[in-house]
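Peer 1: Supplied in structure tokens, the structure appears directly below.
The values are calculated or read from the model by the stated rules, or taken from the named source; none is laboratory data. Small disclaimer: the values here were computed from a predicted structure and weren't measured. Using ideal geometry, Cβ is built from the backbone for each residue, glycine included, and neighbour counts are taken over all protein chains shown. SASA here: full protein model, heavy atoms, side chains in, ligands and nucleic acids out. Shrake-Rupley method; radii C 1.70, N 1.55, O 1.52, S 1.80 Å.
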Amino acid sequence: MRAAVQRRYGGPDVLEAAELPGPVPDRDHAVIELRAAALNWHDVLVRRGQYRSPLPHVPGADGAGIDVETGAEVLVLPALRWGDDESAPAPDWEILGDRRHGTYAEKVRVPRDCVFPKPPGLTWAEAAALPLVGLTAYRALFTRGRLRAGESLLVLGAGGGVATMAVSLASAAGAHVVVTSSAEAKIAAAGELGAVGGVRYDRPGWVEAAVARSPRRRGFDLVLDPVGSWADALATLRPGGRLVVLGASRAESATLAVRPYYFGQYDLLGTTMGSSRDFEGLLRLRAEHAVPPPVIDRVFPLAQAAKAHEYLESGRGFGKTVLSTDVEGIV
């Protein structure tokens with residue numbers, strides 16, 4: 001089978017087209033003939049060696065395709081061995097594409113409990129782009145963040161896959177959604193997904209500008225922070241508000257003033273991808289509400305995985321970058 005393989009850690013150029021033996025299903029594992037694989041920032045970290053993936057390695061957490069045994073159209077849940085405790089993952093939890101070969105290939109072998117029916121109405125690219133960002137956003141918003149209809153939400157860093165999905169899900173659930181970005185075009189694009197407005201975080205006074213867009217200018221009920229800007233994020237909350245942290249794309253550490261934190265009665269909540277129960281909740285929410293499909297920015301052929309990573313790291317896109325095994329179907 002064709003695959004994008006890395007034999008060393010490094011930049012996008014370490015991803016090379018190669019031929020590998022195809023995987024075989026067994027009692028516990030299904031094999032999916034992939035039609036598309038979505039790129040995530042997590043894949044960049046895998047490529048750079050942060051997770052010390054065994055080499056040679058096929059990255060990729062997200063995928064959609066055909067179950068080779070049943071012929072069913074399916075999605076791949078990339079959270080493996082979450083465990084029985086819904087509050088946090090088990091010690092041996094991993095993301096597909098970390099320790100085992102992932103979805104940058106024509107076929108992938110996954111545990112059978114990680115195979116779900118493809119939602120109707122989605123293209124292959126949209127289906128591949130749903131699992132990781134959809135699961136992450138759903139758990140952050142509803143399982144951890146306890147978002148309810150009528151509440152207000154601030155999403156930091158509009159433009160990435162999780163952020164765009166969070167805007168879509170929260171808006172469909174009846175929340176008042178505001179975003180931040182460094183680009184007016186991305187704020188406008190978030191508006192098409194349901195956001196009521198946005199502010200430029202690269203301009204002075206953005207925290208005050210964001211609070212001014214919250215209901216009654218009181219601050220937000222919930223803030224999603226995938227970038228690591230905790231101090232600023234807390235400053236946009238109303239008293240008693242919740243901050244959900246789901247990444248550190250721009251900062252690996254944060255310094256907080258303790259007294260305002262506890263007087264503000266804030267909840268600071270960490271989250272990661274999510275369980276199969278979270279994923280079932282995501283699929284149920286999409287079925288019950290008019291949630292737009294995942295935003296697809298660019299689709300590249302599988303052989304151009306390195307070029308797709310270069311594009312992802314450029315930060316120019318809005319939404320998801322996807323690899324396709326169907327050369328004729330590339331947009």
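Peer 1: I'd like to know if segment 244-259 contains one or more residues that are at pLDDT 95 or above, surrounded by 13 or more Cβ atoms within 10 Å (Cβ to Cβ) and not aromatic (Phe, Trp, Tyr).
Peer 2: So far as segment 244-259 goes, yes, one or more of its residues are at pLDDT 95 or above, surrounded by 13 or more Cβ atoms within 10 Å (Cβ to Cβ) and not aromatic (Phe, Trp, Tyr).
Peer 1: Please go through segment 296-322 and give me each residue that is modelled with pLDDT of 90 or more, closer than 23 Å to LYS186 by Cβ and not in a helix (DSSP H, G or I), ordered by number.
Peer 2: Across segment 296-322, the qualifying residues are ILE296, ASP297, ARG298, VAL299, PHE300, LYS320, THR321, VAL322.
Peer 1: Moving on. Could you list, in sequence order, the residues of segment 109-124 that are over 27 Å from ASP28 (Cα atoms) and open to solvent by 20 Å² or more (accessible area, probe 1.4 Å)?
Peer 2: Listed by number, the residues that qualify are GLY121, THR123.
Peer 1: Still on this structure, I have one more. Working only within segment 71-82, note down all residues that are over 29 Å from ARG7 (Cα atoms), in contact (Cβ under 8 Å) with a residue 12 or more places away in the chain and not aliphatic (A, V, I, L, M).
Peer 2: GLU73
Peer 1: On the given criteria, is VAL162 crowded, with 20+ Cβ neighbours inside 10 Å, more than 27 Å from ARG284 (Cβ to Cβ), under 16 Å from the mean Cα position of the chain (by Cα) and touching a residue at least 60 places away in the same chain (Cβ under 8 Å)?
Peer 2: Answer is no for this residue.
Peer 1: Write out, first by first residue and then by second, each pair whose Cβ atoms fall under 8 Å of each other, whose residues are 6+ apart or on separate chains, and whose first residue, in segment 123-146, is of a type in the set (Ser, Thr, Tyr) while the second is open to solvent by 40 Å² or more (accessible area, probe 1.4 Å).
Peer 2: THR123/PRO293; THR123/ILE296; THR136/THR272; THR143/GLU86
Peer 1: I'd like to check something: does segment 95-118 contain any residue that is in contact with a Phe, Trp or Tyr (Cβ under 9 Å, 6 or more places away or on another chain), modelled with pLDDT of 95 or more, among the acidic types (Asp, Glu) and closer than 30 Å to VAL5 by Cα?
Peer 2: yes
Peer 1: For segment 32-48, which positions are surrounded by fewer than 20 Cβ atoms within 10 Å (Cβ to Cβ) and within 18 Å of LYS107 (Cβ to Cβ)?
Peer 2: Hit for segment 32-48 is GLU33, nothing else.
Peer 1: On the basis of being over 24 Å from VAL68 (Cβ atoms) and outside any loop (DSSP other than H, G, I, E, B), does GLU33 make the cut?
Peer 2: When the stated conditions are applied, GLU33 does not pass them.
Peer 1: Need at least 2 residues that are within 29 Å of ASP85 (Cβ to Cβ) per element, so show me which strands (runs of 3 or more DSSP E) inside segment 155-272 make the cut, counting only ones lying wholly within it.
Peer 2: Passing ranges, in order: 220-225, 237-245, 267-270.
Peer 1: Only one of (1) more than 19 Å from the chain's Cα centre (by Cα); (2) surrounded by fewer than 16 Cβ atoms within 10 Å (Cβ to Cβ); (3) within 29 Å of TYR201 (Cα to Cα); (4) touching a residue at least 12 places away in the same chain (Cβ under 8 Å) fails for PHE220. Which number is that?
Peer 2: So the condition that PHE220 fails would be (2).
Peer 1: Has segment 125-148 got at least one residue that is open to solvent by less than 20 Å² (accessible area, probe 1.4 Å), at pLDDT 95 or above and assigned to a strand (DSSP E or B)?
Peer 2: no
Peer 1: I would also like to ask the following. Does VAL167 fit the bill of being open to solvent by less than 30 Å² (accessible area, probe 1.4 Å) and more than 20 Å from GLU280 (Cβ to Cβ)?
Peer 2: When the stated conditions are applied, VAL167 passes them.
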